[in-house]
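Read the structure below first, then the notes.
The values are calculated or read from the model by the stated rules, or taken from the named source; none is laboratory data. Only a predicted model underlies this, so the values are computations on that prediction, with no experimental measurement involved. Because the Cβ atoms are built from the backbone with ideal geometry, glycine has one as well, and the counts that use them run over all protein chains shown.
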Amino acid sequence: MRARPSSNYGPDTEPGSTGRTFLIGGQLLNAPKPAPGLYLVATPIGNLGDITLRALETLAGVDIIACEDTRVTRRLTERYAISAELKPYHEHNAVMARPKILERLAQSASIALVSDAGTPLISDPGFKLVREVSAAGFPVIAVPGASSVLTALSVAALPTDRFFFEGFLPAKEVSRRARLAELARIDATLVMFESGNRVQETLKDLAAVMAGRDAAICRELTKLHEDVRRAPIAELAKTADTLETRGEFVLVMGPPPKDAEVMTQHDLDDLLRSSLVRDSVKDSVAHAVELSGRPRREVYARALELAKELRGGDGEA
């Protein structure tokens with residue numbers, strides 16, 4: 001196949017030149033061209049056998065498959081003998097690619113959007129494209145399927161009636177702990193992604209901020225070396241240094257215990273006063289936010305008031 005510019009979504013092949021077929025169990029099946037529009041197609045998060053029949057038919061029938069990495073998506077299309085053309089759509093070329101996708105849709109093209117794994121737009125590029133395609137009046141159709149968020153929730157053995165998806169946490173420790181302190185106030189199961197090179201430190205931060213909660217570490221879900229560990233977060237943090245860090249991680253934190261103590265305003269004031277005697281306002285606020293789970297803005301305002309009382313100044317340090 002000849003090389004094509006990465007941002008070229010023009011009609012460089014004749015309509016109907018793709019085979020519009022796919023292969024399952026040695027049987028070649030026909031795939032009709034879908035009606036014009038943008039199709040958000042979920043792909044497997046690991047095991048390529050998790051693709052749905054509707055997804056295969058859609059991917060085989062569209063004019064173009066827009067994907068994060070053509071090399072990743074090609075492994076899927078080659079597995080099922082799909083010959084639809086692959087075009088990159090990712091955060092680095094999105095500004096150039098979106099107008100070309102809209103132009104092809106105006107020419108009655110059918111286009112599938114996929115991420116490297118799972119459901120498009122979930123911690124992956126695509127929101128701006130969907131917004132512009134919808135605003136332009138073109139159909140946007142979901143073809144649902146695999147999702148690492150829902151897969152992790154289903155195997156974590158934690159409450160699923162209410163959950164909050166955070167995505168990736170901040171990379172820097174101070175920002176990460178501050179964000180975890182905010183998340184600690186949510187009365188629901190928490191689901192978050194983490195990379196292998198940060199998962200050990202994140203587990204320790206989770207234990208420091210959300211002590212007492214049950215948790216699950218889900219690694220390489222649906223893949224050959226799938227591993228799910230379930231235990232109180234304090235126990236998981238103690239063994240974090242022995243954790244295999246290769247692969248993709250989903251961390252699931254149970255909701256706060258019903259008998260968890262809530263820090264009163266009086267308790268917060270006592271904590272701030274004791275900290276302000278020896279630490280700066282900035283450090284005292286960071287410590288109080290971590291322990292109380294209250295918003296930083298609220299704690300900072302109270303710290304300034306108490307600092308003025310204690311030091312007789314403007315409270316800044």
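Quick notes on this one:
- Single unsatisfied condition, Gly137 versus (1) within 28 Å of Thr77 (Cβ to Cβ); (2) over 17 Å from the mean Cα position of the chain (by Cα); (3) in a loop (DSSP other than H, G, I, E, B): (1)
- The sole residue among Ala135, Ala152, Ala171 that is in contact (Cβ under 8 Å) with a residue 60 or more places away in the chain and either on the phi > 0 side of the Ramachandran plot or of a type in the set (Gly, Ala, Ser) (or both) is Ala152.
- Condition broken by Ala216, with the remaining ones in (1) of a type in the set (Gly, Ala, Ser); (2) modelled with pLDDT under 95; (3) not in a helix (DSSP H, G or I) satisfied: (2)
- Residue within the range 241-262 that is over 21 Å from the mean Cα position of the chain (by Cα) and crowded, with 16+ Cβ neighbours inside 10 Å present: yes
- Residue check, Tyr80 in the same structural domain as Ala135 (by TED's automatic domain parsing), aromatic (Phe, Trp, Tyr), closer than 25 Å to Glu220 by Cα and under 29 Å from the mean Cα position of the chain (by Cα): yes
- Any chance Asp116 is within 30 Å of Gly25 (Cα to Cα) and in contact with a Ser or Thr (Cβ under 6 Å, 6 or more places away or on another chain): no
- Condition check for Val209: β-branched (Val, Ile, Thr) and more than 17 Å from Pro257 (Cβ to Cβ): no
- The set of residues in the range 156-189 that are surrounded by 14 or more Cβ atoms within 10 Å (Cβ to Cβ), part of a helix (DSSP H, G or I) and out of contact with any Asp or Glu (no Cβ under 9 Å at 6 or more places or on another chain) contains only Glu182.
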